[in-house]
Amino acid sequence: MQQCSYIIRDEYGMHARPAGQLVRLASAYECTVTVQHEDRSCTLKTPMHLMALGIMQGDNITIQAEGNDESACITAVQKFLEENV
């Protein structure tokens, strides 16, 4: 299992546009990908679940990937977060 943590910088938090892009990115990988926010977690391959977490600016999230391409997935997700959220 690979994981990364990230603090959301976008003033609007994890809103619809980056959430949709992040879900599309994660869905391109075979591995299981989850996002943890506070005491809740969900799959990173379902946009409504991600939006339901209510991730705001300053919140810390942890992304976990497990499977064949987990390393590539975490690298891509971390790069996306740094550039877009």
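Side notes on the structure shown:
- Answer residue from the range 57-76, given it is within 13 Å of residue 7 (Cα to Cα) and within 13 Å of the chain's Cα centre (by Cα) and is most open to solvent (accessible area, probe 1.4 Å) among those: 60
- If you go through the range 52-85 and keep only what is of a type in the set (D, E, K, R) and either at pLDDT below 95 or out of contact with any His (no Cβ under 9 Å at 6 or more places or on another chain) (or both), you end up with 66, 69, 70, 79, 82, 83.
- Scanning the range 1-43 for residues that are touching a residue at least 60 places away in the same chain (Cβ under 8 Å), open to solvent by less than 70 Å² (accessible area, probe 1.4 Å) and in contact with a strand residue (DSSP E or B) (Cβ under 6 Å, 6 or more places away or on another chain) gives 4, 6.
- Hits in the range 54-85 - residues which are assigned to a strand (DSSP E or B) and free of Cβ contacts under 8 Å to residues at least 60 places away in the same chain: 60, 61, 62
The values are calculated or read from the model by the stated rules, or taken from the named source; none is laboratory data. Everything quoted here is computed from the prediction, not taken from an experiment. All Cβ positions, glycine included, derive from the backbone under ideal geometry; neighbour counts span all protein chains shown. When the accessible area is computed, the model is the full protein with side chains, heavy atoms only, and any ligands, DNA or RNA have been set aside. Shrake-Rupley method; radii C 1.70, N 1.55, O 1.52, S 1.80 Å.
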